[in-house]
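Right, one structure below, let's go through it.
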Amino acid sequence: MWRLGATTMTERAKDELDTFRQEAGLSHGDLWFRYFELGGMSTGLELEAFLYGVLLPSSHDHDVIAHAINERFVELGKNHPVAYSKDLKSDSES
């Protein structure tokens, strides 16, 4: 499920999740609640570990986190800047 120290997604992706969370004005708790509402099953502590790069989220978890943050940006009248895992894979393949 999660791998410590493994890098299957780009370093950029790990850094961006927390940066975008902050730009969207979401606390860790707010993001976890949105993530959970969308079907995320990790604990709040695991979510924070994903954001800080301590644990690597599965593609599904990454996408649910990205979707939760993107929904907040839409609520704020902005674009949805957080990439989904399929977009990250195609970026690293090119």
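What follows draws every value from the coordinates through simple rules; no lab data is involved. Note that the coordinates shown come from a computational prediction; the quantities given were computed from them, not determined experimentally.
Rounded to the nearest whole Hz, the Karplus-based 3J(HN,Hα) values (6.51 cos²θ - 1.76 cosθ + 1.60, θ = phi - 60°) of the range 60-68 follow the sequence 4, 4, 4, 5, 5, 4, 4, 5, 4, with x at glycine and proline. In the range 41-85, the C-alpha radius of gyration followed by the widest Cα-Cα span (Dmax) gives 11.1, 31 angstrom.
Translational diffusion coefficient of the range 11-93 at 20 °C, 1.002 mPa s, Stokes-Einstein with Kirkwood Rh over Cα pairs, in µm²/s as a whole number. Working shown, then result.
Details: Rh = 12.5 Å.
Roughly 171 µm²/s, to the nearest whole number.
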